[in-house]
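Heads up, the thing below is written out as structure tokens.
The values are calculated or read from the model by the stated rules, or taken from the named source; none is laboratory data. From a predicted model like this one, the values you see are computed outputs, not experimental measurements. Neighbour counts run over all protein chains shown; Cβ positions are idealised from the backbone, glycine included. Surface accessibility is based on the protein's heavy atoms, side chains included, excluding ligands, DNA and RNA. Shrake-Rupley method; radii C 1.70, N 1.55, O 1.52, S 1.80 Å.
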Amino acid sequence: MSKIDKYALLALTICVVFTAQSCTEDIDTSDRYTFTSYTVASYLESHEEYSEYYKLLGEVQVSSLSESTLQQLLSARGNYTVFAPSNQAIQEYLDTLYKQDIITEPSWDGFTDDHVLDSIREVIVYNSIIDGGDETEAYETGSFPTDNGEFLLANLNDRKLTVNYGNDPDSIYINGTKDSLGIVHDGCLIDMVNRDIYAINGYIHEMCTVIAPSNETLGDLLIKYVTNETEGYLVMARLVQACGLCDTLTKIRDEVYEYLYQTGQVSDLPYLTEWSSIGYIPEHRKYGFTIFAEPDDFWRNAIGKNPADITVDDVKNWIISNNLYPDATTDNDYSNEDNVLNQFVTYHMLPMRIPADKLVIHYNERGYDYRISTEYTVAVNEPYTTMGKKRLITLYQVGNVDGIFLNRFPNLDNSRTGTYQELSCDEDKGGFVVNTGGAINVINGYLYPIYPYYENAGPATLAFDDATRDNFQKRRWRFDAAGLFPEFMNNDIRANRVGTARDMLVGILIDDDYRYLADATVADGTNCYYYLGLGGSYPNYQGDSFYINGHYEITFPIPPVPRQGTYELRYLVSNTSSYRGMCQVYFGTDPNYLYAIGIPLDMRDSSSELSGWEEDTGDEDIDAETDKKMRSKGFMKAPVHYDVWWMETAREEDRLSRRIIVTQDLVPDKQYYLKFKNVLDSEIQDLKIDWFELCPKEVYDNPNTPEDIW
């Protein structure tokens, strides 16, 4: 079934908070669990408390291309999760529209415009239904996401709903934010009693409030803070506006791609031989953003004024006085990426919409199995490239310390027999806690409040200052290839655990006529696929990887380095399939004139044949000697950090190894590119791209502390 075009809906929807007492408490529920032959539609029809909602279902079509109504849809076979507002909830929603002068009286007779009436009907019903199709079961409350998490599937309005749990474990809210006391604000409460109502084609959960998520963008949200002088993130909103970024933050989707897809001018990719499966192209190409922001209370304490009185100049002068960006320009051209204020603001921003449960992706790190595990184990870093002037920022989580952190640089138990958990963390390296419960979720992104882990550490603000650059310079950074391209996160392709055929192998359009990935270019004859290996039989880091075949030639940028110095750029070689081929690797700063690196990389042989890989003996001296021999050939064993097939670590797999592609001096302000080009006369043999590493000489050639095997 086609997703509903949410952009046809009016941007006047509201989700109002009501307490549990606003639900109808005197409904007779004695027969709810007795009869099991109901469909969702017949159940709603037979219970008077949903009569208004049932009527709306009969008035709204499944889509603009269908004559069928949602009543008919919910009468048919399927797996539907329905958040059904009671009559009282719908009446309270109409009361809200009346108070906002959208309608002339708090009833359906108050609509003077048929277009507005149709839009409100669609808002109520499209946001209330998740269609699981034939492959995904409907959601009982026991299978809801964890706190602050998103449902895997979008609703019929193509919006991902989040879940928040109140202090009472039975208090479950759709959307909303949670404060430090665990109180949920602006959430839509599920009725305490009337939930998990079984129907033969799904589950029904009664809502005390109509689910009507705002169509605000991040840009709209920040402009509203400034216009109304609303405390919370007023200072950050003023800074973003001063840098001219609010327009950027209003982008929702690529309308050119939307037109091409809807008119059938783009088509799925042919079978990828390794799986004999079509590469289904995505329905949309959405934009997204994430902002990590210091709340206004931080600025009140830092500058000594009320947020309403804090000016852009106040903040700029504070940044300068704390020497956060000593090399930046200090004039008032805030739109310039070299400007001190622009650098400060954009370091808080990522060009992708990241929900709380994907800030750090957990899948197959050592000791963790996403299918059965409930507790995280080893340290996981997710490094990203910020907006504006390109700089590294990292999100971090580990099993033995609560929370998700920005730019935390702890001391890890990283010996050959260690646990890779935290041993300690210096006060000046504690980083910033991401308050996922307080996240503001809008149509094209998230705003997360942040605060320092150690209250008295430095200026206590997120910045790419000298100390942060030094900390990045002293670490090795592993980049999942999917994380290099914002489109994968923005379009719910990366780490999508739905697992349907359309999600497992995604075709990526990159040609002269259209680029789905803005930062990648390919030559004619290149087929690019994204494989979601979650739960599959492929030993991919975090489950996913790229597969490229044909007479391929693909070029893309690598992440920036934190300081000038000598680095190794490494590539994970996977010889786990007979379809692997041979390619020439190119590197440089001009994507049109890159130079060849070494001899072609042959991925058809095992790591032992390529690099002298030998199984670990358990004797640290002997195993370290094997590592040295491999390095002399330009190879390293894969890390211990993650497991393959949940049976052994990647280091123990002889078909995986790290190839050291480049060893040279790199500069922070230069953009470097990689190119892979097929050198075989075969369209079947493929290139697999899973992850890369950037490792400074201070780590890989440290005379006192050898690089760890993690």
Q) How big is the charge dipole of segment 146-267 about its Cα centre, in debye rounded to the nearest 20, if each Lys and Arg gets +1 on its Cβ and each Asp and Glu gets -1 on its Cβ? A) 240 debye
(Q) Restricting to DSSP H runs of at least four residues, report the calculated mean residue ellipticity at 222 nm for the chain, -39500 (n - 2.57) per run over all residues, nearest 500 deg cm²/dmol. (A) -5000 deg cm²/dmol
Q. Which of the aspartates and glutamates could a cross-linker span from Lys697 if the Cα-Cα distance has to be under 20 Å and same-chain partners fewer than 8 positions apart are dropped?
A. Asp466, Asp470, Glu568, Glu625, Asp627, Asp665, Asp669, Glu707, Asp708
Q) What is the dipole size for segment 654-710, taken about its Cα centre, with +1 at each Lys and Arg Cβ and -1 at each Asp and Glu Cβ, in debye to the nearest 20? A) 160 debye
Q.
If I take every Cα pair under 8 Å that is 6 or more residues apart in the chain, average their sequence separation and divide by the length, what percent do I get for the relative contact order?
A. 11 percent
Q) Nearest 10 degrees, 0 to 90: what angle lies between the long axis of helix 312-321 and the longest principal axis of the chain (Cα atoms)? A) 30 degrees
Q: With unit charges on the beta carbon (Lys/Arg positive, Asp/Glu negative), name the residue among Ile120, Ile197, Ser66 whose Cα is farthest towards the positive pole of the charge dipole of the chain.
A: Ser66
Q | With every protein chain in place, segment 466-557: carbon and sulfur % of accessible area (1.4 Å) | A | 40 percent
Q | Highest to lowest packing among 352-359, 52-59, 591-598, scored as the average C-beta count within 10 Å | A | 352-359, 52-59, 591-598
Q) Using 7 Å Cα-to-Cβ label points, what is the Ser373/Tyr271 separation (nm, one decimal)? A) 3.6 nm
Q) Based on Cβ point charges of +1 for Lys and Arg and -1 for Asp and Glu, what charge dipole magnitude is obtained for the chain about its Cα centre, in debye rounded to the nearest 20? A) 1760 debye
Q. Please state the relative contact order of segment 38-125 as a whole percent: Cα pairs under 8 Å, 6+ residues apart?
A. 27 percent
Q: Enter the angle in degrees (range 0 to 90, nearest 10) between the Cα long axis of helix 218-228 and the first principal axis of the Cα atoms of the chain, meaning the one along which they spread out most.
A: 60 degrees
Q) Once the piece of chain linking Ser51 and Glu283 is laid out straight, how much longer is it, given 0.36 nm per residue of separation minus the C-alpha distance between them? A) 80.1 nm
Q) From the backbone phi of segment 80-89, what are the Karplus-calculated ³J(HN,Hα) couplings (6.51 cos²θ - 1.76 cosθ + 1.60, θ = phi - 60°) in whole Hz, Gly and Pro given as x? A) 10, 9, 10, 9, 8, x, 6, 4, 5, 4
Q: Would you mind computing, in nm to one decimal, how far apart the modelled labels at Asp331 and Ser180 are, each placed 7 Å from Cα along Cα→Cβ?
A: 4.2 nm
Q: Report the local net charge at Met236: Lys and Arg +1, Asp and Glu -1, summed over other residues whose C-beta lies under 11 Å from its C-beta.
A: -1
Q | Evaluated at q = 0.05, 0.07, 0.11 Å⁻¹: base-10 log I(q)/I(0), Debye formula over Cα of the chain | A | -0.26, -0.52, -1.25
Q: Amide H neighbours of Thr329 under 5 Å, at least 5 residues apart or on other chains, H built in the peptide plane: list them.
A: Asn339, Val340
